[in-house]
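Worksheet: one structure, shown below.
Just so you know, all these numbers are worked out from the coordinates, no wet-lab data involved. Model, not experiment: these values are computed from the prediction. All Cβ positions, glycine included, derive from the backbone under ideal geometry; neighbour counts span all protein chains shown.
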Amino acid sequence: MDLRNEPNIEIITHPLVQHKISILRDKNTTTSEFRRLVEEIAMLEGYVALSDLPLEDVEVETPIEKCMTPKIAGRKLAIVPILRAGLGMVNGVLALVPSAKVGHIGMYRDEETHEPHEYYCKLPDPIEERTIVVTDPMLATGGSAIDAIQRIKEYGGKKIKFMCIVAAPEGLERLHRAFPDVQIYVGSLDRCLNKDAYICPGLGDAGDRIFGTR
Ligand code: PRP
Ligand code: URA
C-alpha cells in the first residue's frame with residue numbers, strides 16, 4: 001500500500017512541523033521543551049486537520065453595520081487523548097477550539113506482548129454529532145489507536161480524526177485498513193518498528209519524555 005497516496009491519510013510536510021519534530025527526536029531535548037513542542041505541533045496539525053469543519057453564516061453587528069459572517073456550525077468538537085502521551089497534544093488543539101469537550105481513553109501497552117490494555121474511558125455525551133479528534137503522538141503497532149477508536153465507535157462516534165506526531169508504516173497501514181473512514185494526520189512517517197515495537201528513528205517513549213518519568 002502506498003501510504004503517502006491513500007485517501008484519508010495526510011502526512012504533514014510543513015517545514016515548521018518537520019523542524020519541531022527533529023528537536024523532539026533529539027535525546028538531549030529537555031522535558032519542558034519536549035512538552036512545549038508536542039503542544040505546538042498539535043496546534044499546527046490541528047490547523048490542517050480541522051480545515052473541513054462546516055461553517056454557517058450568522059448575523060453579527062460590527063461597529064459599522066450588521067452583516068452575515070461564517071462561524072463553525074453545529075455541535076463542535078470533542079478531543080479524545082489516548083492517555084498518557086496523547087494528553088500532551090490536547091492544549092494545542094484547545095488553543096484553536098477552546099469550546100471543545102475533552103474525553104479520555106487510558107491505554108497502556110504490555111511491554112512483552114505490545115498489546116494495548118484499556119484502563120479508563122470517559123467520553124463526552126452525546127458524541128454522535130461531534131467531530132472527534134483522537135490524539136496520540138505515537139502510532140507504532142497501531143493497537144492502541146485501533147482499540148481507542150473502536151471504543152469511540154461503540155459509543156456512537158462517527159466523524160473521527162486521528163492525529164499523531166510520528167507513525168511507523170506498520171501501524172499506519174493497520175489503522176487505515178481497520179478504519180478507512182477515519183482521517184489520519186501524521187507529522188512524520190518513520191522507517192519501521194524495532195523488535196521492542198518502538199518506532200525507528202522515532203523519539204523514544206513519548207509518555208516518559210512528556211511527563212519526565214523513567
Ligand atoms: C504509547 C503511545 C501510544 C502507544 C503506541 O503509549 O503513547 O499510546 O504506545 O503504541 P502502539 O501503536 O503499538 O499501540 P504507552 O503504552 O507507552 O503508554 P503511556 O502513554 O502511558 O506511556
Ligand atoms: N510508544 C512510544 O512512546 N514510542 C514508540 O516508539 C512506540 C510506542
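Numerical summary
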| item | result |
| --- | --- |
| Rounded Å value of the spacing that divides the Cα centres of the range 60-81 and the range 177-205 | 35 Å |
| In the range 17-105, the GluC sites (Glu not before Pro) that fall in loop regions by DSSP, at most 13 other Cβ within 10 Å | GLU65 |
| Unit charges on C-beta of K, R, D, E only; dipole of the range 102-158, Debye | 280 debye |
| Fewest-first ranking of MET68, MET107, using other Cβ atoms within 10 Å as the exposure measure | MET68, MET107 |
| Gain in span if fully extended, ARG191 to LYS122, counting 0.36 nm per residue against the direct Cα distance | 21.5 nm |
| Ranked HIS176, HIS114, criterion: other C-beta atoms within 10 Å, fewest first | HIS114, HIS176 |
| Candidates THR30, THR69, THR131, ranked by Gaussian network fluctuation over the chain, Cα under 10 Å, top entry | THR69 |
| Charge dipole magnitude, Cβ of K and R +1, D and E -1 - the range 1-132, Cα centre, debye nearest 20 | 460 debye |
| Vicinal HN-Hα couplings computed from phi for the range 136-146 (Karplus, 6.51 cos²θ - 1.76 cosθ + 1.60; Hz; Gly/Pro x) | 6, x, 10, 10, 9, 6, x, x, 5, 5, 5 |
| Hydrodynamic radius by Kirkwood, which averages 1/r over all alpha carbon pairs of the range 144-206, in angstrom | 12.4 Å |
| GNM top mover of PRO137, PRO70, PRO124 - the chain, alpha-carbon springs below 10 Å | PRO70 |
| Nonlocal Lys pairs with alpha-carbon distance under 20 Å, the range 104-214 (8 or more apart, or different chains) | 5 |
| Net lengthening on full extension, LYS71/THR213 (0.36 nm per residue, minus Cα-Cα) | 47.0 nm |
| Computed Rg/Rh of the chain, alpha carbon atoms with Kirkwood Rh | 0.99 |
| Calculated FRET value between SER22 and GLU115, using beta carbons and R₀ = 35 Å, to 0.05 | 0.70 |
| Rel. contact order, % - alpha carbon contacts under 8 angstrom, at least six apart, the chain | 23 percent |
| Approximate spin-label separation LEU53-ILE11, in nm, with each point projected 7 Å along Cα-to-Cβ | 2.8 nm |
